[in-house]
1. Which residues, counting only those in the range 163-184, are surrounded by 21 or more Cβ atoms within 10 Å (Cβ to Cβ) and of a type outside the set (Val, Ile, Thr)?
2. Does the range 322-333 hold any residues that are under 19 Å from the mean Cα position of the chain (by Cα) and surrounded by fewer than 18 Cβ atoms within 10 Å (Cβ to Cβ), and which are they?
3. List pairs: first in the range 191-215 and under 20 Å from residue 139 (Cα atoms), second surrounded by fewer than 16 Cβ atoms within 10 Å (Cβ to Cβ) and β-branched (Val, Ile, Thr), Cβ under 9 Å, 6+ apart or cross-chain?
4. Kindly provide the set of residues from the range 100-127 that are under 19 Å from residue 34 (Cα atoms) and either in contact with a Cys (Cβ under 8 Å, 6 or more places away or on another chain) or open to solvent by 30 Å² or more (accessible area, probe 1.4 Å) (or both), ordered by number.
5. Any residue that is over 30 Å from residue 139 (Cα atoms) and either touching a strand residue (DSSP E or B) at 6+ places or on another chain (Cβ under 9 Å) or hydroxyl-bearing (Ser, Thr, Tyr) (or both) - is there at least one of those in the range 235-243?
6. Among residues belonging to the range 334-357 that are closer than 30 Å to residue 301 by Cβ and modelled with pLDDT under 95, point out the one that is most open to solvent (accessible area, probe 1.4 Å).
7. So residue 158 ticks every box in (1) open to solvent by 50 Å² or more (accessible area, probe 1.4 Å); (2) in a helix (DSSP H, G or I) but one. Which box is left unticked?
Amino acid sequence: MDKIVIVGASAAGLTTAEALRREGCTGQLILVGDEQQPPYDRPPLSKQVLAGTWEQGRTQLRPDTVYRDQNIELRLGTRAIGADLDSRTVELSCGRQLGFDRLVIATGVTPRRLPFGHDLAGVHVLRTLDDTLALRADLLRSSSLVVVGAGFLGSEAAASARRLGLEVTLVDPLPLPLVRQFGDRIGRLVADLHQEQGVRVRTGVGVAALLGEDKVSGVELTDGTVVPTEAVLVAIGSTPATDWLTGSGIPVEDGVLCDATCQAAEGVYAAGDVARWFNPHFGTRMRVEHRMNATEQGIAVARNLLGASVPFAPVPYFWTDQFDAKIQAYGIFPAGGEMVIAHGEPADRQFVAHYRVRERITGVLGWNMAGQLRQDRLLITARDSGPAGDRPLRDL
């Protein structure tokens, strides 16, 4: 095995490269990234970095010496714009081509944008370190922010901006924050948390227009009201970064389509946010945009690339920090599942909830109750978790 190219200088990409070296790979490793920065951690961007409690350098995943010591070649500031399976090459934005014997795709996702208004100064998305620094600079000279989108990213950024002293309005067409992720009951608790801290929560209403000539001055909502503001963060989700794979022969369907071992084609694997693979534990395909999955999947890809051929069957873990709430979750949370409070009380803001689909526990969520949550996560993998046993989720 002579040359392995990893496209995406992300947590998943770096983890894959390091795991390859640990597993004894001695071939050439090239890590390609479209940003100028070496690999860094993204979860702190909407929290510690945006709030100013971390310097940007603290997000860097490894000291620069690690890449030299492990003989990992970094190609930063250049994008992959094409790939060809027949010639085993990746085309770069700098005009060069990289040949490969094995290819790992870890390009992550790109933020969705509104169909209007993004040319106005003061309108932001938040995915990269540069995005975060630009938003923070705007917040420090502003008194108000409208966050469009009340998912994980939007809710976290709203909390950070509120702690900076801004007047914050959180807007989402869905009825409650995080309702798509965790359902109505958790959504109501998150809405109450933000409102108690002074965030204006405008749910059940969309955005009709961003107002202003050169700089944003307000957000017009679909109910006709206008929210004056000096800054806007658009956090309406993301799409897998797979455009560069068009015509490559690598299957793409809401991400890079992989089998249970994370292989998309002969010698081609995917890891992290961009990978959509078959998880045999749940019996369904999934694509997970969470930090721990990037690490676990990178390790699995490295081992399978070297011949292990072991299915990747994790129980996903993710978390969000908002004000004084640490919400952690294991598993998956299908729409229509039943939520049961198993420990503690929601009114006390300290509890663990179990999510069931036809009596099978598919997910557990903890609100400021980490110890109990770690115990309860074992229920997701227990064969006697309910009458559904090990039946695939698609059959439940």
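The values are calculated or read from the model by the stated rules, or taken from the named source; none is laboratory data. If you're wondering where the values come from, they're calculated on a predicted model, not measured in any experiment. Using ideal geometry, Cβ is built from the backbone for each residue, glycine included, and neighbour counts are taken over all protein chains shown. In case anyone asks, the SASA skips ligands and DNA or RNA and just uses the protein heavy atoms, side chains included. Shrake-Rupley method; radii C 1.70, N 1.55, O 1.52, S 1.80 Å.
1. Within the range 163-184, 166, 170, 172, 176, 177, 178, 182 qualify.
2. As a first pass, look at the range 322-333 and keep what is under 19 Å from the mean Cα position of the chain (by Cα): 322, 326-333.
Answer for the range 322-333, where residues must be under 19 Å from the mean Cα position of the chain (by Cα) and surrounded by fewer than 18 Cβ atoms within 10 Å (Cβ to Cβ): just 326.
3. Listed pairs, sorted by first residue: 211/226.
4. If the condition is that a residue be under 19 Å from residue 34 (Cα atoms) and either in contact with a Cys (Cβ under 8 Å, 6 or more places away or on another chain) or open to solvent by 30 Å² or more (accessible area, probe 1.4 Å) (or both), then 107, 110, 111, 112, 127 are the ones that fit.
5. Yes, the range 235-243 contains at least one residue that is over 30 Å from residue 139 (Cα atoms) and either touching a strand residue (DSSP E or B) at 6+ places or on another chain (Cβ under 9 Å) or hydroxyl-bearing (Ser, Thr, Tyr) (or both).
6. First pass over the range 334-357, keeping only residues closer than 30 Å to residue 301 by Cβ: 334-335, 337, 355, 357.
Then keep just the ones that are modelled with pLDDT under 95; that gives 334-335, 337, 357.
Values: 334: 42, 335: 106, 337: 33, 357: 25 Å².
Among those residues, the one meeting the criterion is 335.
7. Result: residue 158 passes all but (1).
Yes or no, residue by residue, for (1) touching a strand residue (DSSP E or B) at 6+ places or on another chain (Cβ under 7 Å); (2) open to solvent by 40 Å² or more (accessible area, probe 1.4 Å); (3) among the aromatic types (Phe, Trp, Tyr); (4) under 27 Å from residue 149 (Cβ atoms):
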| site | (1), (2), (3), (4) |
| --- | --- |
| 12 | no, no, no, yes |
| 15 | no, no, no, no |
| 46 | no, no, no, yes |
| 60 | yes, yes, no, no |
| 78 | yes, no, no, no |
| 82 | yes, no, no, no |
